[in-house]
């Protein structure tokens with residue numbers, strides 16, 4: 001599945017493209033990671049991949065030059081704060097796309113602060129404010145993030161009340177894209193367009209076996 005240019009920060013590549021005189025376009029294997037910021041299993045797989053597996057990929061030239069990873073933001077609506085957390089990710093993606101993966105790691109690390117019991121007694125905008133503070137930890141302006149997230153307390157000029165925030169339309173796009181694939185469970189890995197039987201509990205050795213088998 002394609003990555004729109006405005007969501008380029010979702011992509012992670014490990015090596016610069018090599019020069020070639022061939023008329024055949026350069027292509028890489030695509031590893032799509034469908035995860036939810038509010039899902040403990042998503043946090044587990046993200047941590048394993050980013051801290052243990054991806055360093056191995058970078059150190060393996062055949063893999064580094066042949067693999068593109070795509071972060072797919074998968075909102076899980078039975079976690080009410082999931083939407084708000086992903087909106088924060090989209091705000092960071094717009095303001096500082098190079099900080100998106102770092103922000104995601106930071107948010108996964110504190111995800112329990114946004115579980116049901118942790119947010120039940122605060123307003124939506126109060127939750128947004130705390131999410132903006134998480135963005136500030138990776139060097140993104142707290143105030144700029146909050147401006148994109150905050151919900152006005154007055155109706156729109158046309159009297160509308162469901163006016164959303166500045167990243168609502170981006171959330172609609174990523175949700176629409178994910179629905180086309182039909183992903184339900186998080187985390188889900190799609191490799192070269194095919195859903196894989198992977199697990200958040202996989203070890204580094206199991207991931208190495210996976211890449212050895214699948215990267216030509």
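The values are calculated or read from the model by the stated rules, or taken from the named source; none is laboratory data. Source: prediction; values computed, not measured. Cβ atoms come from the backbone with ideal geometry, glycine included; neighbour counts cover every protein chain shown.
All of (1) out of contact with any helix residue (DSSP H, G or I) (no Cβ under 7 Å at 6 or more places or on another chain); (2) without any contact (Cβ under 8 Å) to a residue 12 or more places away in the chain; (3) surrounded by 15 or more Cβ atoms within 10 Å (Cβ to Cβ) hold for residue 136 with one exception: (1). In segment 41-53, the count of residues that are touching a strand residue (DSSP E or B) at 6+ places or on another chain (Cβ under 6 Å) and farther than 16 Å from residue 11 by Cα is one or more.
Being touching a strand residue (DSSP E or B) at 6+ places or on another chain (Cβ under 9 Å) and farther than 19 Å from residue 91 by Cβ is the filter here, so list the residues in segment 157-193 that pass it. Step through it out loud before you land on a result.
If we filter segment 157-193 for residues that are touching a strand residue (DSSP E or B) at 6+ places or on another chain (Cβ under 9 Å), which is where we start, we get 171, 174-175, 177-178, 181-183, 185-193.
Across segment 157-193, the qualifying residues are 181, 182, 183, 185, 186, 187, 188, 189, 190, 191, 192, 193.
Looking at 182, 139, just one residue is modelled with pLDDT of 95 or more and at positive phi, and that residue is 139. Scanning segment 47-71 for residues that are touching a helix residue (DSSP H, G or I) at 6+ places or on another chain (Cβ under 7 Å) and more than 16 Å from residue 191 (Cα to Cα) yields 47, 50, 52, 56, 58.
Scanning segment 88-98 for residues that are in a helix (DSSP H, G or I) and either free of Cβ contacts under 8 Å to residues at least 12 places away in the same chain or over 16 Å from residue 113 (Cα atoms) (or both) gives 90, 91, 92, 93, 94, 95, 97, 98.
So which of 148, 131 ends up being within 19 Å of residue 77 (Cα to Cα), part of a helix (DSSP H, G or I) and in contact (Cβ under 8 Å) with a residue 24 or more places away in the chain? Break it down into steps so the answer makes sense when it comes.
Numbers: 148 fails: within 19 Å of residue 77 (Cα to Cα).
Residue meeting the stated conditions: 131.
Looking across segment 162-216, the residues that are more than 15 Å from the chain's Cα centre (by Cα) and part of a strand (DSSP E or B) come down to 191, 194, 195.
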